[in-house]
1. Hey, GLY278 hits all of (1) in contact with a strand residue (DSSP E or B) (Cβ under 8 Å, 6 or more places away or on another chain); (2) in contact (Cβ under 8 Å) with a residue 40 or more places away in the chain; (3) in a helix (DSSP H, G or I) but one; which does it fall short on?
2. When you check ASP238 against the structure, is it within 26 Å of ALA43 (Cα to Cα) and either surrounded by fewer than 19 Cβ atoms within 10 Å (Cβ to Cβ) or more than 23 Å from the chain's Cα centre (by Cα) (or both), yes or no?
3. Among all residue pairs at least 6 apart or on different chains, which show Cβ distances below 7 Å where the first residue, located in the range 291-307, is of a type in the set (D, E, K, R) and the second is outside any loop (DSSP other than H, G, I, E, B)?
4. Going by the structure shown, is GLY302 out of contact with any Asp or Glu (no Cβ under 9 Å at 6 or more places or on another chain), closer than 30 Å to HIS210 by Cα and surrounded by fewer than 22 Cβ atoms within 10 Å (Cβ to Cβ)?
5. Scan the range 335-377 for residues that are under 15 Å from ASP227 (Cβ atoms), over 19 Å from the mean Cα position of the chain (by Cα) and part of a strand (DSSP E or B) and report the count.
6. As an exercise: evaluate LEU374 against (1) in contact with a Phe, Trp or Tyr (Cβ under 9 Å, 6 or more places away or on another chain); (2) of a type outside the set (Ser, Thr, Tyr); (3) at pLDDT 95 or above and give the number of the one condition it does not meet.
7. Only one of these conditions is not met by ARG128: (1) surrounded by fewer than 12 Cβ atoms within 10 Å (Cβ to Cβ); (2) over 21 Å from GLU85 (Cβ atoms). Which number is it?
8. Among the numbered conditions (1) out of contact with any Cys (no Cβ under 9 Å at 6 or more places or on another chain); (2) more than 22 Å from CYS241 (Cα to Cα), tell me where ASN35 comes up short.
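The values are calculated or read from the model by the stated rules, or taken from the named source; none is laboratory data. Here the structure is a predicted model, which is why all the values come from computation and not from measurement. Heads up, the Cβs are rebuilt from the backbone with ideal geometry, glycines too, and the neighbour counts pull from every protein chain shown.
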Amino acid sequence: MALPSTAALAARHARIRESLETLSLEALIVTPPANIRYLSNFAGSAGILVLTRDAVHLLIDFRYHEALRELQASPSACPGLRMWEVPASYEEALIGCLADIGVTPVGFEAAHVTVARYEWWRETIAGRQLDITWRSTERIVEQARMVKDAAEIAILREAAARLGQVLPPVLAAVRPGVSERSVAAVIESSMREAGYERIAFDTIVASGPHSAMPHYRAGTRSLAAGDLVVLDFGGVLDGYCCDLTRTVSIGPPSREVRRVYDAVRDAHAAAVAAVRPGIDASAVDAAARDVLRDRGLGEAFGHGTGHGLGLDVHEEPRIGRPRADLPPVTLAPGMVFTIEPGAYLPGFGGVRIEDDVLVTESGVELLTSLPRELMTC
């Protein structure tokens, strides 16, 4: 796989600049690593990016100079890039950059800048009598990131496909007497062998009573006959995340296990069937939730039905019930997210089935294609 091309980056810059024009901003300070990577292909763990109407100013320290030179000599070079060296303080370098390029007003990402950081910027500008005004912004880059371009879709499709190489050795490791952490180790080594650069989040192996805990992490418990085991794992390929959950039974499942599993499987299918352009994301959540409620499991499903996937494993769009503090999201072609209904019954166990989907012009494409029937180990 290859990084997004120079042309793909230029198209992203154009979209963000349209937003800056609408907001009458001359520049936007970008600080989250994922947003910086989205706009520049630069993947360092530190940096600040300032996008103006005619350039991309990237502030980095000595550790990343050679990596940036290699990037800029490739077909994935960031167009209009100007590198600013950070000798010591990133904050000092940012003020120097803004003073030099002479832009105002300047937007910053309110969700990612602390009050203390903003106050330092404001007081430093005032103390140096620089003519810069500040304006907070909300989700400019995140909204652009919601709809994936062709380069991103290609990477996400490949990342999801490689999960098919991971599941068989994992299923072979799920057996009585093996610890949850041992199974997690098999998952993570198999993901490396499949070509992922790293895991996307802490691997979940939740067995027996732990399977009723949605975000339990792999512990020391040994798997036992009769357990339900929730396996939730994901990897990062060329910076982009995939995410998969399957629930398996150790030994023949009971009638109650079958009932709960079938209800979650049917809720998953209903949610997938609901996905299409033009509907509210909450309608996908409602489709899954209605099935579980009708099966008497409505109270056992307490989390949202899905989350966006991309440079972050949890990003927009959110697939859940409507919230007064968040604007609704209309699904559009190019959005990629998970569908992961579950049912969690303390004292019994839990079931979750998760796949990655792409919204297409005509409906939905399942990016993960592993079996969804209950598997026994």
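1. The failed condition is (3).
2. Values: within 26 Å of ALA43 (Cα to Cα): yes; either surrounded by fewer than 19 Cβ atoms within 10 Å (Cβ to Cβ) or more than 23 Å from the chain's Cα centre (by Cα) (or both): no.
No; evaluated as a whole, the condition is false for this residue.
3. ARG295/ALA263
4. So GLY302 fits the description; yes.
5. Of the residues in the range 335-377, 7 are under 15 Å from ASP227 (Cβ atoms), over 19 Å from the mean Cα position of the chain (by Cα) and part of a strand (DSSP E or B).
6. Only one criterion in (1) in contact with a Phe, Trp or Tyr (Cβ under 9 Å, 6 or more places away or on another chain); (2) of a type outside the set (Ser, Thr, Tyr); (3) at pLDDT 95 or above is unmet by LEU374, namely (3).
7. (2)
8. (2) is the only condition that ASN35 fails.
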